[in-house]
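Read-outs throughout are calculated quantities, based only on the coordinates presented, and are distinct from any laboratory measurement. Please read these numbers as outputs of a predicted model, since none were measured by experiment. Using ideal geometry, Cβ is built from the backbone for each residue, glycine included, and neighbour counts are taken over all protein chains shown.
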Amino acid sequence: MGKENSQQGSGAETSPTFVAVFGFQVPIDTYYLHRGHTWAKIEENGLVTIGLDDFAQKVFGPADAVELPEPGGVYFQSHVCLALVRQGRRAKVLAPVDGLVEEINLQVQASPRLINDDPYGAGWLCRFRPINLKYNLSNLQRGPETAAWFEAEGHRLLQLVESQAGMTLPDGGTIVADVYGHFPELNWRRLVQEFLLQDLAQLWKKRG
């Protein structure tokens, strides 16, 4: 599947570089990506801003509510730190790094639609004071390989849509926003397990 180079600003002093994969905006610099479709961005003051990537917001669509962590709490990489709520269903989201919660985005809490409108900018979710950043970053993706990963994730999503909803996307097409809303026959729990890596969180619990 082809990719298009593009530039978008996210409110940062330097504009990050994005490529388009299946219609998803994929950052190839500035942001570090977790396999559970969260991102981490290191700020000048040393804090790490955390958000949900464009893949996740397009798959799960607009949330009715966002459950953000309490400031002062400590969370660890690949542990559940927040959740999206839609029509009574919860999608638990994993932290991309270890850290203490310094700040949450109250605007997103009041208007979850910001996640969909600007997932890499105004839709950020919380800020951590990192604890083990160098090690955490070694477990995340950054750079051109993130585009290949998004492409693989896109193919997995298309296969799921085809098997569960009987729909096939034409070659060269893009994945629509709000996949779950367009294909309600998709199993919410399976989407969470497949793409937000809920099984990984359960594995961490067993180890803990």
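Nearest 10 degrees, 0 to 90: what angle lies between the long axis of helix 145-165 and the longest principal axis of the chain (Cα atoms)? It works out to around 50 degrees. A full extension of the chain between Trp188 and Arg89 corresponds to an added length of 34.9 nm, given 0.36 nm per residue minus the alpha carbon distance.
Here the label points at Leu100 and Asn132, each 7 Å from Cα along the C-beta direction, are separated by 1.7 nm in the simple model. A simple rule links phi to the HN-Hα coupling: the Karplus curve 6.51 cos²θ - 1.76 cosθ + 1.60 with θ = phi - 60°, which for segment 107-118 gives 5, 5, 4, 7, 9, x, 4, 4, 4, 6, 6, 8 Hz, with x for Gly and Pro.
Remark: the Cα gyration tensor places segment 83-179 in the oblate category, a/c being 1.5 or greater and a/b not exceeding b/c. Seen against the Cα atoms of the chain and their longest principal axis, helix 198-207 is set at about 40 degrees.
As a test of the formula, what do you get for the chain when each DSSP H run with n ≥ 4 contributes -39,500 (n - 2.57) and the sum is divided by the residue count, at 222 nm and rounded to the nearest 500 deg cm²/dmol?
Numbers: 8 runs with 66 residues, N = 208.
Dividing the helical sum by the residues of the chain leaves -8500 deg cm²/dmol.
Thinking of the chain as a set of Cα atoms, what percent of all their pairs are more than 23 Å apart? Show your work: numbers first, answer last.
Details: 9018 of 21528 pairs.
Every Cα pair in the chain considered, those over 23 Å come to 42 percent.
Rounded to the nearest 20 debye, the dipole magnitude of the chain is 760 debye, with +1 charges on Lys and Arg beta carbons, -1 on Asp and Glu beta carbons, and the Cα centre as origin.
When only alpha carbons are used to place a centre, segment 90-147 and segment 18-75 end up 4 Å from one another.
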